[in-house]
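Where a number appears in this text, it was derived from the coordinates with a stated rule and is not lab data. Quick caveat: nothing in here was measured; it's all calculated off a predicted structure. We place every Cβ from the backbone using ideal geometry, glycine too, and count neighbours over all the protein chains shown.
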Amino acid sequence: MTQEEVFKTLVAHAKEYGFIFQSSEIYDGLSAVYDYGQMGVEMKNNIKKYWWEAMVHLNDNIVGIDSAIFMHPRIWEASGHVGAFNDPLIDNKDSKKRYRADVLIEEYLAKLEEKMNKEVEKGRRKFGDAFNEEQFRATNPNVLRSKTKYDEVHARMTKALNDNDLKELRQIIVDCEIACPISGTKNWTDVRQFNLMFSTQLGNVDGGVGTIYLRPETAQGIFVNFLNVQKTGRMKVPFGIAQIGKAFRNEIVARQFIFRMREFEQMEMQFFVRPGEEMKWFSQWKQTRLAWHKALGLGDEKYRFHDHEKLAHYANAATDIEFEFPFGFKELEGIHSRTDFDLSQHQKFSGRKIQYFDPETNESYTPYVIETSIGLDRTFLAVLSSSYCEEALEGGETRVVLRLPACLAPVKLAVLPLVKKDGLPEKAREILDSLRFDFNCQYDEKDSIGKRYRRQDAIGTPYCITIDHDTLEDGCVTLRDRDTMVQERIPIGRLRDIVEERVSMKPLFKKIHKICG
Ligand code: GAP
């Protein structure tokens, strides 16, 4: 299957099994907006729990908040979003489709990279064991040609973005002969800036109306509550404030399913530090966050850092943790050193003094900030896409199985009576009732046991138990493992502890704590 076919299959599977639905589907859908179904919401909640507990409960000096989506409009002037939260857009005059100019160029660069990699693979096949990749990349004329072009275009794009030079961005598209993927033509308009914030009207008590914005990031809710939390929580720098919540962006290039949405969720943490210590904390948070990702067991090789060359207006260092999605390596989480930009701006715009008195140095200062900002929906997609597996079984059968990390699986345990008679359903329900306080369980008595196993495999349930006639005699059930399909006989009294040990988040937390502690 091509990458595109794999992705289509994944999207269809997510719908068929109640993970993700297109928003407003019966009205033909709303573009780049999605609903989480009965399985999706469980998994999403589990991801939130993994992040929240790792951030807030494992760290003495990090606390959480839940701030409102609607905020005073001046906040977005202070943060720079009114003036600078723009995407450079270009339209193709024939297809009438609108694109982000930088994304068109990045896709062109990705093609060059793919070309170089293909050449290297050809060399590897040709030279076998004697192949030296470094030497090949440094000498092969085809690779060198692509590399020179790549470096030149990349440097031009970085400079144009840094200088906000829209004419030059258009010129790069023209020079590289980039065509519209829909019309195939190179008939482009000028590049224009487009603000990404959604606005709406707030009715005032005096009958007037004011324009307010749907927040484009959760971070500002943390900054404007800095004093509240620091004072009421008696927090001492360094400390962090975490929050999970919805954010809204009027994305133009809204493709790739839940990767880029107009309404999405972020899990953000702002860590306040002494000025001058930000780089130490920046590298520490890079490692801490990578460890959090890797503990999920999706594959260490699927993650990489991508340091920013073009820094946002508020940052003095920034990196992305990229994940290998079915459509290539893309940003999953951003880690930014935001200096004292946000707190200073809010001090200026609100007229309130936002400073911290450090009892250790006897000084007052505006703390610097390290931000970790991860998309909940992108994490969902990372987990789902790397867990989907079509497996050939003995006898020519295949099964679709979601090899989800057990602690994130929507359903932890399926309780299945072998037949719908002889007192087995009653016994199964008795067991279910004793376990539902500990895990999200599902009861299923319809169809053959084989079909029921397949249904549970498809939603990633790590364990199934079968209640058979022997259960009534010996008080044991058959416990079946999703991944190995191995079955073991277990006394009912030990079920809770055995399953708990295998589906708990605790081992992940212990691993992260050891790395970070
Ligand atoms: N407060 C900083 C901030 O918002 P960002 O890099 O714009 O930084 C952080 O966003 C994370 O939010 C991204 O790494 C990504 O995972 C997620 N994200 C951003 N835009 C998104 C969108 N349109 N749809 C889904 N997730 C998005």
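List the trypsin sites (Lys or Arg not before Pro) within segment 310-357 that fall in a DSSP loop (any state other than H, G, I, E or B) and whose Cβ has at most 12 other Cβ atoms within 10 Å.
On the way: sites: Lys310, Lys330, Arg338, Lys348, Arg352, Lys353; in loops: Lys310, Arg352, Lys353.
The qualifying sites are Arg352, Lys353.
Could you calculate the contour length gain from Tyr27 to Gln284, that is, 0.36 nm times the residue separation minus the distance between their Cα atoms, to one decimal place in nm?
Numbers: separation 257, 0.36 × 257 = 92.52 nm, distance 4.76 nm.
Working it through step by step, the gained length comes to 87.8 nm.
Roughly what would the spin-label model give for Arg74 and Lys353, points 7 Å off Cα along C-beta, in nm?
1.8
Just to be sure I understand the model, the point goes 7 Å from the Cα along the line to the Cβ. What's the resulting Ala130 to Asp447 distance in nm?
5.6
If you restrict to DSSP beta bridges whose two residues both lie in the chain, what percentage is antiparallel, to the nearest 5? Walk me through the numbers on the way to the answer.
Numbers: 72 of 83 bridges.
Bridges in the chain are about 85 percent antiparallel.
Helix 376-387 sits at what angle to the longest principal axis of the chain, using alpha carbons and giving 0 to 90 degrees rounded to 10?
Result, in degrees: 50.
Starting from 0.36 nm per residue, how many nanometres of slack lie between Asn142 and Val41 once their C-alpha separation is accounted for?
On the way: separation 101, 0.36 × 101 = 36.36 nm, distance 4.84 nm.
Fully extending the segment from Asn142 to Val41 adds 31.5 nm.
Go through segment 435-481 and name the chymotrypsin sites (Phe, Trp or Tyr not before Pro) that are in a DSSP coil and have 14 or fewer other Cβ atoms within 10 Å of their Cβ.
Values: sites: Phe437, Phe439, Tyr443, Tyr453, Tyr463; in loops: Phe437, Phe439.
Listed in order of number, the matching sites are Phe437.
Between the helical axis of 506-516 and the dominant principal axis of the chain, each derived from Cα atoms, what acute angle in degrees is found, rounded to the nearest 10?
Taking the Cα atoms of the chain, the angle to 506-516 is about 30 degrees.
Relative contact order (percent) for the chain, with alpha-carbon contacts under 8 angstrom and 6 or more residues of separation?
Numbers: 853 pairs, mean separation 72.6, N = 517.
The value is 14 percent.
Got a sec? Which residues in segment 476-496 would a label at Ser434 touch, if it sits 7 Å along Cα→Cβ and we count backbone N under 15 Å?
476-479, 490-496
Mean residue ellipticity at 222 nm from the helices of the chain, using -39,500 (n - 2.57) per DSSP H segment of n ≥ 4 over the full residue count, to the nearest 500 deg cm²/dmol?
Details: 18 runs with 207 residues, N = 517.
Estimated from H runs of four or more residues: -12500 deg cm²/dmol.
Choose one of Thr484, Leu435, Val400: the residue whose Cα lies farthest towards the positive end of the charge dipole of segment 400-507 (beta-carbon charges +1 Lys, Arg; -1 Asp, Glu; about the Cα centre).
Among Thr484, Leu435, Val400, the one farthest towards the positive end of the dipole of segment 400-507 is Val400.
Taking 0.36 nm per residue of separation and subtracting the Cα-Cα distance, what length does fully extending Thr9 through Glu501 add?
Details: separation 492, 0.36 × 492 = 177.12 nm, distance 3.26 nm.
Extra length from Thr9 to Glu501 when fully extended: 173.9 nm.
Let me know the longest stretch in the chain that avoids all GluC sites (Glu not before Pro) found in a DSSP loop with at most 12 other C-beta atoms within 10 Å. Present the calculation step by step, with values, prior to reporting the outcome.
Numbers: sites that count: Glu177, Glu360, Glu397.
The reported range is 178-359.
Give me the angle, in degrees from 0 to 90, between the Cα long axis of helix 449-459 and the longest principal axis of the Cα atoms of the chain, rounded to the nearest 10.
So the inclination is approximately 20 degrees.
Filter the cross-link list Lys8/Lys451; Lys93/Lys149; Lys44/Lys231; Lys48/Lys510; Lys111/Lys186; Lys236/Lys280 down to pairs whose alpha-carbon distance in this structure exceeds 21 Å.
Details: Lys8/Lys451 24 Å; Lys93/Lys149 27 Å; Lys44/Lys231 32 Å; Lys48/Lys510 18 Å; Lys111/Lys186 18 Å; Lys236/Lys280 18 Å.
Too far apart for the 21 Å limit: Lys8/Lys451; Lys93/Lys149; Lys44/Lys231.
Could you pull out the chymotrypsin sites (Phe, Trp or Tyr not before Pro) across segment 169-235 that fall in loop regions by DSSP (anything but H, G, I, E, B) with no more than 13 other Cβ atoms inside 10 Å? Numbers along the way, then the final one.
Working: sites: Trp188, Phe194, Phe198, Tyr213, Phe223, Phe226; in loops: Phe198.
Of the chymotrypsin sites (Phe, Trp or Tyr not before Pro), not one in the loops of segment 169-235 has a Cβ with at most 13 other Cβ atoms within 10 Å.
Would you mind calculating the relative contact order of segment 400-507 from Cα pairs under 8 angstrom and at least 6 residues apart, reporting the percent as a whole number?
On the way: 177 pairs, mean separation 34.9, N = 108.
32 percent.
Determine the dipole magnitude for segment 265-333: charges of +1 sit on the beta-carbon of Lys and Arg, -1 on that of Asp and Glu, nothing else is charged, the reference point is the Cα centre, and the result goes in debye to the nearest 20. Write down the numbers at each step before the final one.
Working: 9 positive and 13 negative charges, 40 e Å.
Here segment 265-333 has a charge dipole of around 200 debye.
Give me the percent relative contact order of segment 86-195, please, defined on Cα pairs under 8 angstrom at least 6 residues apart.
46
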